[in-house]
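What follows is one structure encoded as structure tokens, with my remarks underneath.
The values are calculated or read from the model by the stated rules, or taken from the named source; none is laboratory data. Remember, it's a predicted structure, so these values are computed and weren't measured experimentally. Here the Cβ positions follow ideal geometry from the backbone for every residue, glycine too, while neighbour counts run over all protein chains shown.
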Amino acid sequence: MPFELPTFTLILDFVGTFAFAISGIRLASAKHFDLFGAYVVGLTTAVGGGTMRDVMLGLTPFWMTNSFYLICSGLALVWVLIFGRQLIRQGVTWFLFDTIGLALFTVVGIEKTLQCGLPWWTAIIMGTMTGAAGGMLRDVFINEVPLIFRKEIYALACVVGGVVYILCRHWGCDEILTSCLSGGTVILMRLLAVKYHLSLPILKGEEAYAKKEEK
């Protein structure tokens, strides 16, 4: 049975794709990429996580059967070209869109994995991959340390949202309520982490231990 998203979720999926593509294109422009390079970075940010998920699930990547994702990334490139200066001033706005997209893609990844008959822990991993892996590929393309490997809470928010989704399903919650609670958890964690500068402990390297021994 093919996986089909409800109409409302599909609309949000496209909005999230647009927001993710813009975030990738904005960072590519800061690195002075040409138009084609910026488009590739934006497209990778938008569909990279979902592509990795579908390949691991043995499915045809979603963007290969729906050209809108390619078109949406192209529209994001045009948007940045036209409103580039304004976007710099709208960093908070696009952070919110990126966070909403992160939450939505996490839920979609979990639902798609469960529909394939795989266990809940696999669904959480695939949901996290769907939401966060695109940004990881983007950072690799622009030669930056991926955000999920730095101190800011990003992928961990997807994991916690995935746990909430599985618990809600276990308790028999309605599907829409489950999706909202799971996605809302991801959004809330991201907002709180950024507002209060919450982060995971940083692993100390050899230099830190050497300095401590010198003291």
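Worth a mention:
- Answer residue from the range 115-138, given it is more than 11 Å from the chain's Cα centre (by Cα) and β-branched (Val, Ile, Thr) and is surrounded by the most Cβ atoms within 10 Å (Cβ to Cβ) among those: ILE124
- Subset tally (residues that are modelled with pLDDT under 75 and farther than 16 Å from TRP63 by Cα) for the range 10-32: 0
- Residue satisfying all of: in the range 59-74; of a type outside the set (A, V, I, L, M) and free of Cβ contacts under 8 Å to residues at least 40 places away in the same chain; farthest from PHE14 (Cα to Cα) among these: THR60
- Screening LEU77, LEU96 for residues that are part of a helix (DSSP H, G or I) and surrounded by 17 or more Cβ atoms within 10 Å (Cβ to Cβ) leaves exactly one candidate, LEU77.
- Within the range 185-208, residues that are farther than 26 Å from PHE105 by Cα and modelled with pLDDT of 75 or more reach partners that are outside any helix (DSSP H, G or I) and of a type outside the set (S, T, N, Q) with beta carbons closer than 7 Å, at six or more positions or on different chains, in the pairs ILE202/LYS151.
- Within the range 139-165, residues that are closer than 21 Å to VAL41 by Cα and at pLDDT 90 or above reach partners that are surrounded by fewer than 16 Cβ atoms within 10 Å (Cβ to Cβ) and not hydrophobic (A, V, I, L, M, F, W, C) with beta carbons closer than 7 Å, at six or more positions or on different chains, in the pairs ILE142/LYS31.
- Here LEU181 qualifies as surrounded by 14 or more Cβ atoms within 10 Å (Cβ to Cβ), within 19 Å of GLY16 (Cβ to Cβ) and modelled with pLDDT of 95 or more.
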